[in-house]
Amino acid sequence: LEFLKEKILSNGQAIDEHILKVDSFLNHQVEPLLMQKIGKEFALHFLKEKITKVATIESSGIAPALFTALELNVPLVILKKQPSKILNNDFCQTEVKSFTKGNTYNLTVSKKYINSNDHVLFIDDFLAYGEAALGALRLFEKLSAKPCGIGIVIEKSFQPGRTKLNELNIPIYSLAKIKKMTKGNIIFND
Ligand code: 5GP
């Protein structure tokens, strides 16, 4: 997507070879018009999948996911990052390791909000090592919901997430794919 690539080039900051800061339009300050365009693009792409719920992980996936849910006219479910395990049958949990943040959390969702009738579209801001997306997919499997698509705003194609997710045969749509980064320099795949 050209408008997103231009935004990343003008406002993104590759702080080293691994991490891209997008605090000015996606993660800290959020640009609604950009999020709206992103939502429309995901919604159009996954329209034929008969999505019943959009799901994302708190907090930086919420903005693009909410605009996608608005376009598809379905609810957004925010998967929570709990520090500890919940011993309660009303919730479903799975442990996720974050390589970026160097921590572990329990991805949590109430069984009230996703069930076996759901066709779920997972949306996130970044795809890096793929652990967040894989955690979300484990939750959908536990809830017997059908994962129908994965929408990623920025894929760092040089990290292993994409290869891991490709094995699952779920449609993946990344709006911007980064081939390589060095401090202050970003190169896209195409
Ligand atoms: P994973 O490694 O599990 O694919 O990435 C998980 C999460 O880490 C993403 O949802 C995103 O919030 C965060 N993340 C990964 N790489 C980056 C990055 O380069 N920049 C920012 N701002 N967040 C990232």
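The values are calculated or read from the model by the stated rules, or taken from the named source; none is laboratory data. Since this is a predicted model, take the numbers as computed values, not measurements. Virtual Cβ from ideal backbone geometry, glycine too; neighbours counted across all protein chains shown. Just so you know, the surface numbers come from the protein's heavy atoms only, side chains and all, with ligands and any DNA or RNA stripped out. Shrake-Rupley method; radii C 1.70, N 1.55, O 1.52, S 1.80 Å.
Relative to the compact-globule estimate of 2.2 N^0.38 Å, the Cα radius of gyration of segment 1-90 comes out at 1.27. Taking 0.36 nm per residue of sequence separation and removing the Cα-Cα distance, the Lys101/Val30 pair yields an extension gain of 23.5 nm. Per residue, segment 47-190 exposes an accessible area of 50 Å² to a 1.4 Å probe, with every protein chain left in place. The magnitude of the dipole of the chain, with charges of +1 and -1 set on the Cβ of Lys/Arg and Asp/Glu and taken from the Cα centre, is near 300 debye. Working note: Debye formula, equal point scatterers on the alpha-carbon atoms of the chain, no solvent; log10 I(q)/I(0) at q = 0.15 Å⁻¹ is -0.86. Once Lys and Arg get +1 and Asp and Glu get -1 on their Cβ, which of Cys92, Val120, Gly12 lies farthest toward the positive end of the dipole of segment 1-120? Value computed over the given set: Cys92.
Distances between placed amide hydrogens fall under 5 Å for Leu127 paired with Ile154, Glu155, Lys156, all partners being 5 or more residues away or on another chain. When Phe122, Phe188 are compared by accessible area at a 1.4 angstrom probe, the order from most to least is Phe188, Phe122. By how many degrees, 0 to 90 and rounded to 10, does the Cα axis of helix 62-72 deviate from the longest principal axis of the chain? The helix 62-72 is inclined about 70 degrees to the chain. Charge dipole (Cα centre; +1 on Lys/Arg Cβ, -1 on Asp/Glu Cβ; no other charges) of segment 1-110 amounts to roughly 260 debye.
Cβ-Cβ distance of Leu168 and Asn11, R₀ of 35 Å, FRET efficiency by 1/(1 + (r/R0)^6): the value works out to about 0.65. Element breakdown for the chain at a 1.4 angstrom probe: carbon and sulfur atoms account for 51% of the accessible area. Modelled spin-label separation between Asn73 and Phe91, with each label point placed 7 Å from Cα along the Cα-to-Cβ direction: 3.4 nm.
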